[in-house]
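Structure first, then comments.
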């Protein structure tokens, strides 16, 4: 079975299993993350108080940690939930939103990586450059133009070395998306520029990855599936609603995730191995 | 005046009075709760710091307490606001989101019920089963399939016994919605399955109930009105936007609440007394 | 170059510069604030933990402080970020949501005004009346009907005296919007009543002002630009989607901000100097 066909299968597996995806995430895009998780057929639960974080993780089939709006309380919850996930074998996905922009974000990511074995890390080019110790031109939570201009080759190298360092799958999303487990690297050329004009499309992509990895133990495949679905939904949403503006486009992205089917994924996928 | 006609009257009373509805709620669906409250003609205020919670309640015509994303700070605020509401005679609605899923949620609901006299409690079948001491198969914040499969008769019994225990109105929303004040029980068969595929439709339903109970002292009626409006909005939204996907459907639900009129409620209502 | 033409120029300057706009804001409307900031071409970052607030401000080209859902932690962050902004010459915008409704909000605004030199303050008539020491009939976060009925003359006087007191630009949004730097006052008669039926349209307007003041040092002009864009987007959104309901209208407002162009601003603007 080829890669695209496997991804089509994972999509139907998620809605059959309706896995619980525990999120400890930011308050900016949390509603979109919940809606996209439901749209793909999984069941989101957001819980970030230390009194329940680990317990909720033990009910879940995957854990998403997103540092978009850190505060001191939720960092402890992230650590507790992440350790519980490692203990019981539940996959953990990290979205290092805005790492490089403040000491708090940098030290939190450092501590999370020390204490938790992440299954998958997904970031934009500025975030992954920072984490890989490369020169990043961080400008807040959006990737900077100079980092976006990095070549796909540079991305492949960065993702591969970070994947090797943390023994996990690393994904960089951008004009070309790159997914690496250090041995294999997949590049994805789906998507649409308008995704950058809507807040939370990166976070939503991470939620899709969190949904897929809860039912698919081949994490390179699960990560590719999440990014590919987001890219294809972005393409179709742009065709249908791009002219109307970014508000309609955002609604259409969630629409298309809720309607996504294996056949259109197979037909539209632009994947190649690097 | 029959039940449907009374509900039509309450709908116009809300927009005439524009009551302030104080919410202490979760950060996942809070924006939708505010928008649906405005859509029905009330004025939402979200305030959860202990320094102002009780004071804001004293400005309001009703209080909604929703435990979707609990944290230790807001639990104190819920208690303070709820006690103030009881003291000044403002109705209080509880949405026990995800109770059964963690000790924090279970103990918080227990404490809230000890210290506050709730006017109305609305939950899904898993939540109400848990609260009634029945076997619940909690799977996070969404009702589990096995609980959803409970018969309407079981629901009527559970809602009635919980209503008697807490001397309040209890509502279970699901395929058939059930509203009981222990003496009378109303069943509602409006709605659409797609409501389950959008986050916060339960929370929004609670906000509608919170809006209606601020102007209607017959709380069985006010609760039925809230659930009926949500169900009818869901039906019309599905007819207009269901094919587009869950993003458009969500927008359409709020649209239809903002356009709801007594005549369509009277025409579409599928109510019966159990 | 006339006023309207200057505003058209600022709109293109924002998307050319893509300035970072740091928000410390409420969790109710934060997603809309981020999306409208992106829609106008700026880059939002939301960060409210004391450990990073000032550091994030130092990366930003403007700071928006919105007190919609205050808590004790974020008040400290507002003070730290505001002082940093003053120190490095970054403009700071205050949205005093619901001031007048609780002691916490009143004292917080008092403290913020003592310790931070604000560049611009934007509120509704109830909020600005309260801040100007005039009789306000606060009813939560929405302006009360009696305050809304204040004459434009009263508004001009209130805005002017508050602007003089705090040596900043003061804007009151309502049926007629008023912007004053105490020397000059601009009135704006664009907009649509449906903007009141969607949560966060005031907050979003403040985010637009925050975006414009980061690239335009004439703050009377930058503030007018923000309010004018919101008003014109509201008008076009109402023409296109008003009949559908408030959910579609909200999406359309963001659409129209993402599509706004200088020519339609020049053609539609209804400005006069008071």
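Some values worked out for this structure:
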| read-out | value |
| --- | --- |
| Zero-based 10 Å bins, Cα pair distances in chain A, whole percents | 7, 33, 40, 18, 1 |
| Antiparallel bridge percentage (DSSP; both residues within the protein assembly as shown; nearest 5) | 35 |
| Ellipticity estimate at 222 nm from DSSP helix runs (n ≥ 4, -39,500 (n - 2.57)) divided over the protein assembly as shown, nearest 500 | -16500 deg cm²/dmol |
| Label spacing, shortest first and in nm, from residue A:58 to its equivalents in the remaining copies (7 angstrom along Cα→Cβ) | 4.3, 4.3 |
| Spatial separation of Cα centroids for the range C:233-263 and the range B:133-185, in angstrom | 41 |
| Nearest-first distances (nm) between copies at residue C:239, label 7 Å from Cα via Cβ | 3.0, 3.0 |
| Over chain B, relative contact order from alpha-carbon pairs under 8 Å, at least 6 apart, % | 21 |
| Axis proximity, chain C to B: residue whose C-beta lies nearest, plus whole-Å distance | C:27, 3 |
| Cα pair distances of the protein assembly as shown binned at 20 Å [whole percent] | 17, 52, 29, 2 |
| Nearest-first distances (nm) between copies at residue C:259, label 7 Å from Cα via Cβ | 1.9, 1.9 |
| Rg(Cα)/(2.2 N^0.38 Å) for the range B:15-124, N = residue count | 0.99 |
| Share antiparallel - DSSP beta bridges, the range A:3-273, percent rounded to 5 | 35 |
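Each value in this text was obtained by applying a stated rule to the coordinates, not by laboratory testing. A quick note: this is a predicted structure, and the numbers were derived from the prediction, not measured. Using ideal geometry, Cβ is built from the backbone for each residue, glycine included, and neighbour counts are taken over all protein chains shown.
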